[in-house]
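Colleague: Pasting a structure below so you can have a look.
The values are calculated or read from the model by the stated rules, or taken from the named source; none is laboratory data. From a predicted model like this one, the values you see are computed outputs, not experimental measurements. Using ideal geometry, Cβ is built from the backbone for each residue, glycine included, and neighbour counts are taken over all protein chains shown. Note: areas computed on protein heavy atoms with side chains; ligands, DNA, RNA excluded. Shrake-Rupley method; radii C 1.70, N 1.55, O 1.52, S 1.80 Å.
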Amino acid sequence: MTMRTKPWAEPYKVKMVELLKMTTQEERRSAIREAGYNTFLLKSEDVYIDLLTDSGTGAMSDRQWAGLMMGDEAYAGSRNFYHLRDTVEAYYSYKFTVPTHQGRGAENILSQCLISEGDYVPGNMYFTTTRLHQELAGGTFVDVIVDDAHDPASTHPFKGDVDFDKLNALVEEVGAEKIPYVCIATCVNMAGGQPISLKNLKELRRWCDTHGILLVHDMTRVAENAYFIQQREDGYAERTIQEIVHEICALTDAATMSAKKDAIVNIGGFLAVNDEELYERACNLVVVYEGLHTYGGMAGRDMEALAIGITESVQDDHIQARVGQVEYLGRNLQDRGVPIVVPTGGHAIFLDARAILPDIPQEQFPAQALTAALYLDTGVRAMERGAVSAGRDKDSGENYMPKLELVRLALPRRVYTQAHMDVVVDSVARVMTEADRIKGLRFVFEPEYLRFFRGRFEEVES
Ligand SMILES: *Cc1c(COP(=O)(O)O)cnc(C)c1O
């Protein structure tokens, strides 16, 4: 590992501010009750520091805002589409781009194009919307990530790596013809923002070629992944983020992108492919679900802001400040004795709710209870990433009981200051010392799909 010597201080300054409402604990108590103990159902006005997600919450640059004024809102063939397409090819290597309203729009189209009933799709840990679209298309997701990814205390530098024994076992069991593609995420969200190494990815490329299986890239956080490769992988210390990002993408056949993450726009995404015939099929579907193939679900101005955001997202200084802030938060939480997933990832800190609330059984959703308690304390909004997010097995209807029962503190890009991070650290430490007052939860309303978004809970009286 190379040690960084530069400070992580931000390579930008503030030009405009958004004022926040400060609330009392009494106000927060009634707000979280009204929200059914689900932070997704809080009004954002009632939140002080919003770490619910890093999705669409970033601060655009003055150049991106200027780009909005360059929007060409023609129905067909907008100049911003061509700018976006050329930017995707230049930075990410993919030849054909289909804009979509956000990442899941691309996942829907890709899943429908490639998956047939009864297929299996291996991946380096599931993601909620990705797996659901695979299942709706008739597929079954199979987790092939290394075991270390499921262990919050393992310090493996590349917890996003694929375990080839698991992949081989799947081929053995179902046959390569039942596997349309392997889906790999860069900086695996559900594992704590953990990177995959280029060594592993190159081996995976060879494995896919040997078996005649496509390799699809969930590239939502590819720049953050590139940063960890630069910091940790032999031979990459002198390479730029831009070069590493390009190398990662060039190893894969197609990609789905939620541009709301890495690319620092509030809405947008795309499907990008190299194969012309697959592109043709995707265009056929995009007009059904999103819009014409030259805008998908996006306004021209948003495609322009996205094209500019892509170029900003691969700058070394940007990504160093981005991940540096995450590391700062993680280090300070650890100094206060808070159990978190290590090594810290690229976009968020994950609190180990099992360790913080050992007396609440997983059936009573300790991570969900912890997010509610954290909001109540100081108005910090986090997200559950445990049994509630994992949902139910599509065949048996049983609750999945994932090994990781986590609370995610996701950092929006270029939004909060170091002082805000200090408030978060104090709040988490305080909640932890009062953990015996926190009660488990039970569902009072459970939606069929992606239940973590709209589910409602009540406290379990012990
Ligand atoms: C956010 C996300 C998606 C889905 O993208 P949306 O823009 O929210 O639809 C897919 N994969 C990963 C890894 C994500 O983080």
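Colleague: What's the carbon and sulfur percent of the chain's accessible surface, probe 1.4 angstrom, rounded to a whole number?
Modeller: Carbon-and-sulfur percentage of accessible area, whole number: 50.
Colleague: Over segment 1-118, consider all pairs of different Cα atoms and compute the Kirkwood hydrodynamic radius from their mean reciprocal separation; express it in Å, one decimal.
Modeller: For segment 1-118, inverting the mean 1/r across all distinct Cα pairs yields 19.6 Å.
Colleague: Then there is this: How much area per residue is accessible in segment 278-379 when the probe is 1.4 Å and only protein heavy atoms are counted (Å²)?
Modeller: Here the residues of segment 278-379 average 31 Å² of exposed surface.
Colleague: Amide H to amide H, which residues 5 or more places from Asp161 or on other chains are under 5 Å from it, using H placed in the peptide plane?
Modeller: Here Val146, Ser197 satisfy the definition.
Colleague: Using only the Cα atoms of the chain, construct the convex hull and provide its projected area averaged over every direction, in square nanometres to one decimal.
Modeller: Working: hull surface 83.9 nm².
One quarter of the hull surface, i.e. the mean projection, equals 21.0 nm².
Colleague: Over the heavy atoms of Glu34, what accessible area does a 1.4 Å probe trace out, to the nearest 10 Å²?
Modeller: About 130 Å², ignoring ligands and nucleic acids.
Colleague: Rg to Rh ratio, segment 195-322, alpha-carbon atoms and Kirkwood radius?
Modeller: Ratio of gyration radius to Kirkwood radius: 1.00.
Colleague: Return P(r) of segment 311-462 (all Cα-Cα pairs; 10 Å bins starting at 0; whole %; ordered from short to long distances).
Modeller: Each 10 Å bin holds this share of Cα pairs: 11, 39, 31, 16, 3, 0.
Colleague: Any idea how far apart Met401 and Arg63 come out in nm if each label point goes 7 Å out from Cα toward Cβ?
Modeller: With each label placed 7 Å out from Cα toward Cβ, I get 5.1 nm.
Colleague: Show me the three semi-axes of the equivalent ellipsoid for segment 377-462, from the C-alpha gyration tensor (sqrt of 5 times each eigenvalue), largest first, rounded to whole Å. Mind dumping the intermediate values first?
Modeller: Values: eigenvalues 155, 62, 26 Å².
They are 28, 18, 11 Å, listed largest first.
Colleague: Which FRET efficiency value, to the nearest 0.05, is calculated for Arg79 and Glu461 with the Förster distance at 60 angstrom and r the Cβ-Cβ distance?
Modeller: Plugging the Cβ-Cβ distance into 1/(1 + (r/R0)^6) gives 0.45.
Colleague: In the calculated pair distance distribution of segment 170-233, what percentage of Cα-Cα distances lie above 21 Å?
Modeller: Across segment 170-233, Cα pairs with separations above 21 Å total 30 percent.
Colleague: A follow-up question, please. From the phi of every residue in segment 255-269, what ³J(HN,Hα) in whole Hz does the Karplus formula 6.51 cos²θ - 1.76 cosθ + 1.60 yield, where θ is phi - 60° and glycine or proline is x?
Modeller: 8, 10, 10, 9, 6, 6, 9, 3, 8, 6, 10, 7, 8, x, x
Colleague: Could you work out [θ]222 nm for the chain from helices alone, using -39500 (n - 2.57) per DSSP H run of at least four and dividing by all its residues? Round to the nearest 500 deg cm²/dmol.
Modeller: Numbers: 17 runs with 187 residues, N = 462.
For the chain, the value works out to -12500 deg cm²/dmol.
Colleague: Run the simple label-point estimate for Leu20 and Ser116 please: 7 Å along Cα→C-beta, distance reported in nm.
Modeller: Between Leu20 and Ser116, the label points sit 5.3 nm apart.
Colleague: Can you tell me the order of 60-66, 105-111, 410-416 when each peptide is scored by its average per-residue count of other Cβ atoms within 10 angstrom, highest first?
Modeller: 105-111, 410-416, 60-66
Colleague: Here's something else I'd like to know. Report the Rg/Rh value for segment 83-237, based on alpha-carbon coordinates and the Kirkwood definition of Rh.
Modeller: 0.95
Colleague: Test of understanding: what is the full-extension gain from Glu276 to Glu173, defined as 0.36 nm times their sequence separation minus their Cα-Cα distance?
Modeller: Contour length minus the Cα-Cα distance gives 33.9 nm.
Colleague: As an exercise, find the ratio Rg/Rh for segment 289-393 from alpha-carbon atoms, using the Kirkwood inverse-distance average for Rh.
Modeller: Here Rg/Rh amounts to 1.11.
Colleague: Let me ask another. Which percentage, to the nearest 5, of the DSSP beta bridges contained in the chain is antiparallel? Present the calculation step by step, with values, prior to reporting the outcome.
Modeller: Values: 26 of 41 bridges.
Within the chain, antiparallel bridges account for around 65 percent of the total.
Colleague: Also, I was wondering about something else. Wrap a convex hull around the Cα atoms of segment 298-353, take a quarter of its surface area, and give that in square nanometres.
Modeller: 5.3
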